[in-house]
1. Taking amide H positions as placed in the peptide plane 1.01 Å from N, state which residues far from B:GLU59 in sequence (5 or more) or on other chains have amide H under 5 Å from it.
2. How much of the DSSP bridge set in chain B is antiparallel, in percent, rounded to the nearest 5?
3. When the accessible area of chain B is computed with all protein chains present and a 1.4 Å probe, what percentage of it is carbon and sulfur?
4. Can you list residues whose amide H is under 5 Å from A:SER12's amide H, if they're 5+ apart or on another chain and H is modeled 1.01 Å from N?
5. Mind checking A:36-43 for the average number of partner chain beta-carbons within 10 Å of each residue's beta-carbon?
6. If you roll a 1.4 Å probe over the stretch A:11-109 with all protein chains in place, what percent of the accessible area is carbon or sulfur?
7. Could you tell me the total accessible area buried at the B-A interface, probe 1.4 Å, in square angstrom to the nearest hundred?
8. Which whole number gives the average count of other chain Cβ atoms within 10 Å of the Cβ atoms across peptide A:92-102?
Amino acid sequence: QKEVEQNSGPLSVPEGAIASLNCTYSDRGSQSFFWYRQYSGKSPELIMSIYSNGDKEDGRFTAQLNKASQYVSLLIRDSQPSDSATYLCAVLLNTGGFKTIFGAGTRLFVKA
Amino acid sequence: GAVVSQHPSWVICKSGTSVKIECRSLDFQATTMFWYRQFPKQSLMLMATSNEGSKATYEQGVEKDKFLINHASLTLSTLTVTSAHPEDSSFYICSASSQGAGGYGYTFGSGTRLTVV
């Protein structure tokens, strides 16, 4: 089982719609979770971090965490063509030392 | 916010030569930096954790004698790809946190695209 799993997509949504990105993780002891956005040929940029169960909102982005289900999601409201990118789910593991493990990423296309 | 500078942004080298990639934290001290490799259309794979003043910790399957990591100061970590081969061609990215190894959210360098011919 992979440590962080995401649907590779592509996920295609029309402009203005809500895009929903999902991620599951295997380490039940994980406490910190992140969503990164990566444009083609560029390095990832941090969008959201979440540490507690429930929702966390930042502008058009909402991260949702359910530790019991080992599930984290990202909702993008009012999707824009500029949101088209690969979204990486990341989990901070503490295995005697901290390290961040990434999912394979979900490619999102927002159609104008 | 925290800035991580990485260079070169791209490099082309001949097979058998070595290439050094630098990663600097510009406005904070990073006791720990991470090196990732990303092949086209794949996710970031952690190669090693670079610790200032001590040996790097390599992930399983990563050859430590091929990928030399030096973290000589709190603001600089280097990755040297020795005796590079075409299969080493990839996008190499470093990251660090201004809040320490267990910090919340990491900043990435801009990445180095290595092409070995």
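The values are calculated or read from the model by the stated rules, or taken from the named source; none is laboratory data. Remember, it's a predicted structure, so these values are computed and weren't measured experimentally. All Cβ positions, glycine included, derive from the backbone under ideal geometry; neighbour counts span all protein chains shown. Note: areas computed on protein heavy atoms with side chains; ligands, DNA, RNA excluded. Shrake-Rupley method; radii C 1.70, N 1.55, O 1.52, S 1.80 Å.
1. Those lying under 5 Å, H to H, from B:GLU59 are B:ALA48, B:THR49.
2. Approximately 90 percent, going by the DSSP bridge assignments.
3. 52 percent
4. Here A:PHE109 satisfy the definition.
5. Per-residue shielding by partner chains comes out at 5.
6. 49 percent
7. Approximately 1500 Å², summed over both chains.
8. Taking the mean over all residues of the peptide, I get 5.
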